[in-house]
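Scroll down for the structure; my scribbles are underneath it.
Where a number appears in this text, it was derived from the coordinates with a stated rule and is not lab data. Here the structure is a predicted model, which is why all the values come from computation and not from measurement. Cβ placement follows ideal geometry from the backbone for every residue including glycine, while neighbour counts extend to all protein chains displayed.
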Amino acid sequence: MTAITIDGKAVSQKIKEQVEERVKSLKEQGVAPGLAVVLVGENSASLTYVKNKKKTCEALGMRSDLHQYPEDLSEEELLAKIEELNNDPEIHGILVQLPLPEHIDEFKVILAIDPSKDVDGFHPISVGNMVIGKEAFLPCTPHGIMKLLEHYGIDPAGKHAVVVGRSNIVGKPVGQLLLQKDATVTFCHSKTQDLASYTRQADILIAAIGRAKFIGADHVKPGAAVIDVGMNRDENGKLCGDVDFAAVQETAGYLTPVPGGVGPMTIAMLMENTLHSAENGLQKDKNA
Ligand code: NDP
């Protein structure tokens, strides 16, 4: 059996087309969705990510402001900038690119973002609302994974979903979203003993580990849907996931490639969250 390749590029393209349409309609009503991206320091991966986000925003007709600061920006100055963006009616989404330099308290910065503009979905209010199933900005990568499953007709209800990784941005939230869709969820991490004994039970396996080609065919139940979140470099410096694609392809039922799987979905969901925030703002104005 060869797995069906889950085409994140194609699915994200569809989502972006829908966003573009909705942006047009919002603009006709006098609202131009705006995303502010804040970058501190010189991290080259972060710079690539923020440039991509800005480019995608603009391609979809949304405004995007990049606020770029040197490494030695003080925490106070950053918090003041966030306050300014919180109060700017033309900005609907605020994204502070992580990681921040060590002298800045990341949690303090996330807390400072107005939850109604928290398009990354990292604010504790967003996280809390997500966990109790209330309206919230969902974190982009986990939300993108759920959209991929939905698009391919993979219903988590009654399935055993095993999530390898428990970070606040991927592992924990994707497990929560799978639980909300009635999966039975198991979380694994670096202290899990005999990892393969868990992953082999998975109907849906999410790999969010950060280790190149760590998940092999012997970790996978035949026919399982395997979602590879990892973005790593292999021994030749080539981009690769946490899953050994060539090996697992022969066992899995569905498999996401890297690149072209989860990655493009993350950015599409950020666009959708920003648009959604602008739509919420308009609705509030209409109700006022
Ligand atoms: P973190 O480093 O924050 O978390 C990694 C998780 O993997 C931890 O929970 C860790 O366990 C677990 N882990 C590490 N080693 C093992 C092991 N040997 N066995 C089992 N579990 C292990 O990473 P992120 O969640 O931020 O990201 C994971 C990967 O996804 C990275 O490659 C990252 O680049 C990529 N990524 C991709 C995105 C996309 O858009 N495609 C977006 C975000 C991330 P413990 O908690 O015990 O330390």
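Scanning the stretch 131-145 for residues that are in a helix (DSSP H, G or I) and buried (at least 22 other Cβ atoms within 10 Å of the Cβ) yields Cys140, Thr141, Pro142, His143, Gly144, Ile145. Of all residues in the stretch 235-267, those satisfying the criterion of being more than 10 Å from the ligand (Cβ to nearest atom), crowded, with 24+ Cβ neighbours inside 10 Å and either small (Gly, Ala, Ser) or closer than 14 Å to Ile145 by Cα (or both) are Ala252, Leu255. For the stretch 156-182, the set of residues classified as away from the ligand (no atom under 16 Å from the Cβ) and touching a helix residue (DSSP H, G or I) at 6+ places or on another chain (Cβ under 8 Å) consists of Pro156, Lys181, listed by residue number.
Among the residues of the stretch 268-278, the ones that are out of contact with any Leu (no Cβ under 8 Å at 6 or more places or on another chain) and away from the ligand (no atom under 15 Å from the Cβ) come to 2 in all.
Just so you know, in the stretch 151-178 the residues that are basic (Lys, Arg) and part of a loop (DSSP other than H, G, I, E, B) include one that is nearest to Ala208 (Cα to Cα), and it is Arg166. Residues that are small (Gly, Ala, Ser) and buried (at least 18 other Cβ atoms within 10 Å of the Cβ) were ranked within the stretch 185-212; the one that is farthest from the ligand (Cβ to nearest atom) is Ala202.
Of the residues making up the stretch 12-46, those that are touching a strand residue (DSSP E or B) at 6+ places or on another chain (Cβ under 7 Å) and more than 20 Å from His92 (Cβ to Cβ) are Val40, Ser46.
With respect to the stated conditions, Gly281 fails to be within 25 Å of Cys57 (Cα to Cα), within 16 Å of the ligand (Cβ to nearest atom), of a type in the set (Gly, Ala, Ser) and surrounded by fewer than 24 Cβ atoms within 10 Å (Cβ to Cβ). Of Ala252, Ala278, Ala247, Ala268, all but one fail to be touching a residue at least 12 places away in the same chain (Cβ under 8 Å) and in a loop (DSSP other than H, G, I, E, B); the exception is Ala252.
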